[in-house]
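Trainee: Can you read through this structure? Questions will come right after.
The values are calculated or read from the model by the stated rules, or taken from the named source; none is laboratory data. Note that this is a predicted model, so its numbers are computed, not measured. Here Cβ is always computed from backbone atoms with ideal geometry, including for glycine, and neighbour counts include all displayed protein chains. The area values use the complete protein model at the heavy-atom level, side chains included, leaving out ligands, DNA and RNA. Shrake-Rupley method; radii C 1.70, N 1.55, O 1.52, S 1.80 Å.
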Amino acid sequence: AKTPIIKKQQIQIDKNSSILKKLDEIGKKGFTASMLINYIRNPLSFYYQTILEIPDENQMEETIAYNTIGSVIHNSLEELYKPLENKKLNEKHIKQMQKEKDKIVDKYFQEKFILGNLTKGKNLIIVETAKRYIKNFLNKELKDINAGNVIKILGIEKKFEHTINLPFELKNIKIRGKIDRIDCVNGITRIIDYKTGGQIKQSDLNIKEYNKIFEDKKYTNIFQLLFYTLAIEKEKKYNLPVENGIISFRNLSNGLLKTKFQDKSSLVTTEKLENYKKGLERLIVEILNKNTSFKEK
């Protein structure tokens with residue numbers, strides 16, 4: 001039998017009036033970091049997921065998916081730490097959270113995985129892994145406190161909505177999102193994102209070419225952290241310079257993995273944030289430009 005040769009062609013979606021209308025609605029409601037990262041990875045994915053709103057397949061799970069672990073850990077840490085906002089952490093706080101953590105983790109798994117059996121097999125291993133992640137995290141916090149570090153919790157799962165005025169008469173475009181944790185350690189404000197999936201290394205957060213932040217998917221973690229930093233810039237209680245970074249639950253022993261700039265510093269200054277803002281503006285202007293098509297990468 002003859003096999004037809006099917007040549008793969010690059011898909012390109014030109015912007016029509018309905019797409020432009022949808023983009024205008026998104027701009028007014030607010031771009032999120034995940035939307036923009038999706039565009040950097042592949043503009044066609046942005047078109048499918050953000051413009052057409054094609055959802056991921058919602059399949060019934062027999063085994064807990066790894067994204068479920070991530071949301072359970074986020075929710076559990078939010079419940080544990082939310083009452084401690086604007087307080088300095090002490091040993092008593094940590095020990096109380098250590099007592100409560102298992103019950104809270106079980107509660108969120110049961111909410112998200114109603115039909116499954118959590119008491120045996122692979123599911124049991126995954127539930128216990130989530131508990132172990134949180135246990136190790138709290139132990140690391142306790143170790144830091146006992147070493148003499150002063151840790152103050154400033155915000156947990158902090159929602160933000162921030163207006164940025166763009167060139168080319170694009171006014172009142174919003175960015176929005178939620179920051180996992182904002183704290184102050186020994187006088188330095190830190191913006192923190194939790195990662196429960198693949199292991200993040202320090203090399204993933206080293207900036208070699210600044211413009212690549214807006215072009216290369218390898219820099220998506222840095223893009224997200226600076227996006228969050230820009231979002232809190234106007235709030236007076238968070239004075240620049242600040243640090244931002246990732247707590248990787250698969251790499252907890254290394255603590256906070258910080259964004260490292262080309263000057264080898266981890267401090268985000270006003271000048272660095274202004275440079276990021278210019279790149280972000282260029283990216284959003286490209287997305288909103290009626291003459292720029294969504295091209296498959």
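Trainee: If you take the residues in the stretch 198-222 that are touching a Ser or Thr at 6+ places or on another chain (Cβ under 9 Å) and either of a type in the set (Lys, Arg) or part of a loop (DSSP other than H, G, I, E, B) (or both), which one is nearest to residue 242 (Cα to Cα)?
Mentor: 207
Trainee: For residues that are closer than 16 Å to residue 217 by Cβ, of a type in the set (S, T, N, Q) and open to solvent by 50 Å² or more (accessible area, probe 1.4 Å), tally how many sit in the stretch 1-44.
Mentor: Initial filter on the stretch 1-44 (closer than 16 Å to residue 217 by Cβ): 33-44.
Adding the requirement that they be of a type in the set (S, T, N, Q) leaves 34, 38, 42.
Keeping just the survivors that are open to solvent by 50 Å² or more (accessible area, probe 1.4 Å) gives 34.
Residues that pass the stated criteria total 1.
Trainee: Also, quick follow-up: Which of the residues belonging to the stretch 70-116 are open to solvent by 70 Å² or more (accessible area, probe 1.4 Å) and in a loop (DSSP other than H, G, I, E, B)?
Mentor: 86, 114, 115
Trainee: Identify the single condition in (1) within 20 Å of residue 23 (Cα to Cα); (2) within 14 Å of the chain's Cα centre (by Cα); (3) among the acidic types (Asp, Glu) that residue 157 does not satisfy, given that it satisfies every other one.
Mentor: Result: residue 157 fails condition (1) only.
Trainee: So, one more: Could you list all residues from the stretch 119-131 that are open to solvent by less than 70 Å² (accessible area, probe 1.4 Å) and polar (S, T, N, Q)?
Mentor: Narrowing the stretch 119-131 to residues open to solvent by less than 70 Å² (accessible area, probe 1.4 Å): 121, 123-124, 126-127, 129-131.
If the condition is that a residue be open to solvent by less than 70 Å² (accessible area, probe 1.4 Å) and polar (S, T, N, Q), then 123, 129 are the ones that fit.
Trainee: In the stretch 154-174, how many residues are open to solvent by 70 Å² or more (accessible area, probe 1.4 Å), touching a residue at least 40 places away in the same chain (Cβ under 8 Å) and of a type outside the set (S, T, N, Q)?
Mentor: Filtering the stretch 154-174 for residues open to solvent by 70 Å² or more (accessible area, probe 1.4 Å) gives 159, 161, 165, 168-169, 171-172.
Next cut, touching a residue at least 40 places away in the same chain (Cβ under 8 Å) only: 161, 168, 172.
Cutting the leftovers down to of a type outside the set (S, T, N, Q) gives us 161, 168.
Here the count works out to 2.
Trainee: Next question. Which of the residues belonging to the stretch 234-249 are without any contact (Cβ under 8 Å) to a residue 40 or more places away in the chain and open to solvent by less than 30 Å² (accessible area, probe 1.4 Å)?
Mentor: none
Trainee: Right, another one. Which is modelled with pLDDT of 95 or more, buried (at least 18 other Cβ atoms within 10 Å of the Cβ), under 30 Å from residue 23 (Cα atoms) and under 23 Å from the mean Cα position of the chain (by Cα), of 191, 134, 151, 182? Explain how you work it out, then say what you get.
Mentor: Details: 134 fails: under 30 Å from residue 23 (Cα atoms); 151 fails: under 30 Å from residue 23 (Cα atoms); 182 fails: under 30 Å from residue 23 (Cα atoms).
The conditions single out 191.
Trainee: State which residue is least open to solvent (accessible area, probe 1.4 Å) when the search covers only the stretch 269-297 and only residues that are under 22 Å from the mean Cα position of the chain (by Cα) and of a type in the set (Ser, Thr, Tyr).
Mentor: Result: 276.
Trainee: Let me ask something else. Scanning the stretch 38-69 for residues that are under 14 Å from residue 196 (Cα atoms) and in a helix (DSSP H, G or I), which turns out modelled with the lowest pLDDT?
Mentor: Looking at residues that are under 14 Å from residue 196 (Cα atoms) and in a helix (DSSP H, G or I), I get 66.
Trainee: Going residue by residue through the stretch 12-22, is there one that turns out to be modelled with pLDDT of 95 or more and under 26 Å from the mean Cα position of the chain (by Cα)?
Mentor: Within the stretch 12-22 (the criterion being modelled with pLDDT of 95 or more and under 26 Å from the mean Cα position of the chain (by Cα)), the answer is yes, since at least one residue qualifies.
Trainee: Now for a separate question. Can residue 218 be described as modelled with pLDDT under 95 and either open to solvent by 50 Å² or more (accessible area, probe 1.4 Å) or within 17 Å of the chain's Cα centre (by Cα) (or both)? Reasoning before the result, please.
Mentor: Numbers: modelled with pLDDT under 95: yes; either open to solvent by 50 Å² or more (accessible area, probe 1.4 Å) or within 17 Å of the chain's Cα centre (by Cα) (or both): yes.
In short, yes.
Matching residues to (1) at pLDDT 90 or above; (2) within 24 Å of residue 135 (Cβ to Cβ); (3) open to solvent by 60 Å² or more (accessible area, probe 1.4 Å); (4) under 15 Å from the mean Cα position of the chain (by Cα):
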position	(1), (2), (3), (4)
222	yes, no, no, yes
232	no, no, no, yes
251	no, yes, no, no
256	yes, yes, no, yes
262	yes, no, yes, no
